[in-house]
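Structure, as C-alpha cells:
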Amino acid sequence: IYDDGWTAVEQYLSDTVVRPDHALIDGVRRAREAGMPAIEVAPTAGKFLMLLAKIGLAKRVLEVGTLAGFSTTWLARGVGEHGHVITCEREQLHADLARANVDRAGVGSRVDIRVGPATDTLRQLVEAGAEPFDLVFIDADKPNNLNYLTAALQLTRSGSVIVLDNVVWDGRVVDADSADPNVRAIRESLEFIGTSADLDATAVQTVSSKGWDGFAIAVVK
Ligand code: DHB
Ligand code: MG
C-alpha cells in the first residue's frame, strides 16, 4: 500500500487519543496467527464507531461482517451494558475467533454472532419482525452491499444510522468502467445511497494503515 506517512500519523493518533487497548492488541495478534487478513478497522476508526453508537444512544446495533470481532468490540462498548450487537459472519473460524475476542474484551454478553451468509441472516431478521436497529455497520463482501443496504432499510426506523465501509477502495471507486466486481458493487451501493428518498447521506475518504479508503454514512429519514 502506498503510504505518505499515514501509518505513522495513525499510530500517533491512536496512541495519543484512543490510547493503548490491550484487549484489542492481543486480539489482533491472535487474528494474525490464525492467518486472517489485516482488514479489520483501525483503532481510530473502531472508536469512531463506538462514539457514533454513543452519540445516537444506540442500544441495538446490527453489523454485517464480523471478521475477528474488532469493530464488534467497539460497537459493543458503544451500546453500553444494556445494549446488544447482532453481527453476521459467514466463516465459522472467524466467528470462533471473534467470540473469543469479544469475551476477552469483556463485552461478550452483549454480542450475538450469527454464522452463515448474511443475506440469509438478514432475511430471517426481517421475517421475524425484529425490532428496528439504531445503527447498522456494513463491512462484508462488497458485491452484496446493495443487498445489505436494502435489508438495512427494512430493519431500521426514522433516525437510525447506516454506515457502509470501504467506499473508496484505493481510489478505484471513480473508475466507472471498472470490471472489478468490488468496484462495481461499491459504485452501485453509493448511487443507491445518494438517490434513495429514504436516506440523508454523505461519504468521507480516509487514509490510514489500511491505505486510502472511506465510509458512507446515512441517516434514515
Ligand atoms: C478489504 C475489506 C474490508 O472490509 C476492508 O476494510 C479493507 C479491505 C478487502 O477485502 O480487501
Ligand atoms: Mg471494511
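Taking amide H atoms as placed 1.01 Å from N in the peptide plane, list the residues 5 or more away in sequence, or in a different chain, whose amide H sits under 5 Å from that of Leu135.
For Leu135, the qualifying residues are Arg60, Leu62, Val161.
Could you run the Karplus curve 6.51 cos²θ - 1.76 cosθ + 1.60 with θ = phi - 60° over the stretch 26-43 and give me ³J(HN,Hα) per residue in whole Hz, x for Gly and Pro?
5, x, 5, 4, 5, 5, 5, 4, 7, x, 7, x, 7, 10, 5, 5, 5, x
Quick check for me: using +1 on Lys/Arg Cβ and -1 on Asp/Glu Cβ, what's the dipole size of the stretch 6-220 about its Cα centre, in debye to the nearest 20?
500 debye
Given the Cα-Cα distance of Ala38 and Arg123 and 0.36 nm per residue of separation, how much length would full extension add, in nm?
Between Ala38 and Arg123, full extension yields an extra 27.7 nm.
Could you derive backbone 3J(HN,Hα) for the stretch 134-141 from the dihedral phi with the Karplus parameters 6.51, -1.76 and 1.60 (θ = phi - 60°), listing whole Hz in sequence and x where the residue is Gly or Pro?
7, 8, 10, 10, 9, 7, 10, 4
Once the piece of chain linking Val17 and Asp200 is laid out straight, how much longer is it, given 0.36 nm per residue of separation minus the C-alpha distance between them?
Going from the current span to full extension adds 62.9 nm.
Which of Thr202, Thr121, Gly78 sits closest to the plus end of the dipole of the chain, meaning its Cα is farthest towards the positive end, when Lys and Arg get +1 and Asp and Glu get -1 on the C-beta?
The listed residue farthest towards the positive side: Gly78.
Using alpha-carbon positions, what is the distance between the centroids of the stretch 38-65 and the stretch 77-94, in Å?
10 Å
Provide the descending list of Cα extents for the stretch 14-128 along its principal axes, expressed in whole angstroms.
Cα extents, longest axis first: 45, 35, 21 Å.
Any read-out appearing in this document is the output of simple, stated calculations on the displayed coordinates, not a laboratory observation. Only a predicted model underlies this, so the values are computations on that prediction, with no experimental measurement involved. So basically every Cβ, Gly included, is an ideal-geometry build from the backbone, and we count neighbours across all protein chains shown.
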